[in-house]
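Scroll down for the structure; my scribbles are underneath it.
The values are calculated or read from the model by the stated rules, or taken from the named source; none is laboratory data. Just so it is clear, the structure is predicted and the values come from calculations on it, not from any experiment. Don't worry about glycine lacking a Cβ; one is built from the backbone with ideal geometry, like all the others, and counts go over all protein chains shown. The protein model used for the area step is the full one, side chains on, heavy atoms only, and it has no ligands, DNA or RNA in it. Shrake-Rupley method; radii C 1.70, N 1.55, O 1.52, S 1.80 Å.
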Protein chains: 2
Amino acid sequence: MKEYKLTPQPLTKEAFAPFGDVVEVPDNKEDPSLIMINGGNTERYDSLVNVELEAAGGKPDTHAVINIFRAQPRPVSKELAMDIEMVERHPFGSQSFHPMSGEEYLVLVADCVEEPTPENLHLFIARADQGINYHKNTWHHPVLGLNKVCDFLVVDRKGGGNNCEEFFFGKDVKIQITC
Amino acid sequence: MKEYKLTPQPLTKEAFAPFGDVVEVPDNKEDPSLIMINGGNTERYDSLVNVELEAAGGKPDTHAVINIFRAQPRPVSKELAMDIEMVERHPFGSQSFHPMSGEEYLVLVADCVEEPTPENLHLFIARADQGINYHKNTWHHPVLGLNKVCDFLVVDRKGGGNNCEEFFFGKDVKIQITC
């Protein structure tokens, strides 16, 4: 059996760009997303995510929804490795996660290929003030909360069609992540 | 000049229903929004908001976006009253606010009439773990952060048409809020 061990890199817009968006207040006050509104009372960082919504089969009921995900903490730390068995993707819409519990979390994605291998995986660690948006059809692991039960605000697609595909790596590889 | 003073009521789904949605984890584990996912690792509280998006004039570029609003704290407390001069509404889409800075905030809305009067106003205080979604065309005051600079995640509409109408109460009334 071939074994793989992944440790996370910090989540940055640049490193995450092939997979989606990082939703955070930019460091730079000259960031082009910044628009002043409300008579100067509010800085608006505009369109950090463009929500993708595809109407599978032209179904007219396709729309965006806001959910809350309450995630159990996963058994993973610097010392403790967690086995990874699968990834999933949503072919008809983007999906974004925004931490509400003040905790960092892990983000595991794979390159955009039909059948990802362990070499296609990329592991990031997100700060408590960073949200992420998976572009449509991006392979990713289900939410990986750490340390305690964590709530995430999730902007997702609702509509017809099979919008969740799963891929299992199989028994001939062992993939482990730490953080 | 006629004077009005508003103090907030706690934000609840029931009280806020005429104006929009409260985005929070329900107290009740038998809430119909709850779906278990990710092999039992995650509670999904589903479709707490249905994002409303109207394509004004049938413009095909209408879509949902995610912004961050960084709001200056407003000069309002139990002792300190803030003058209210106007409300605004978005005729072509809903707009939701989700606190990211661990602070409570004020939510000021008005009944769905063409020209609101001070008697139409309703003031709520939201907990740090409560988001709110204004239904399409709901009169509301721009974001009212308290205590410190506060970030809010905002799910909004992007597209053609004039999606922001403002209404000013005029100089013959004085409206003040406290909290």
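For peptide A:98-105, the mean count of partner chain Cβ atoms within 10 Å of a residue's Cβ comes to 3. As a fraction of the 1.4 Å probe accessible area of region B:2-177, surface on carbon and sulfur atoms comes out at 49 percent. The protection proxy used here, the mean number of other Cβ atoms lying within 10 Å of each residue, ranks peptides A:146-153, B:150-157 as follows, highest first: B:150-157, A:146-153. Computed over the protein assembly as shown, the P(r) curve from all C-alpha pair distances, binned at 10 Å from the origin, holds 5, 23, 32, 23, 11, 4, 1, 0, 0 percent per bin.
Contact order for chain A, expressed relative to its length and based on alpha carbon pairs under 8 Å spaced 6+ residues apart, stands at 38 percent. Return the subset of B:5/B:78; A:148/A:171; A:148/B:13; B:78/B:174; A:136/B:158 for which the Cα-Cα distance in this structure is over 23 Å, preserving the input order. Over 23 Å apart, Cα to Cα: A:148/A:171; A:148/B:13. Here the scattering of chain A is modelled by Debye summation over its C-alpha atoms, one equal scatterer each and no solvent; at q = 0.10, 0.18, 0.19 Å⁻¹ the log10 of I(q)/I(0) is -0.43, -1.26, -1.36. Within 10 Å of the Cβ of each residue in A:33-46, the mean number of Cβ atoms contributed by other protein chains is 5.
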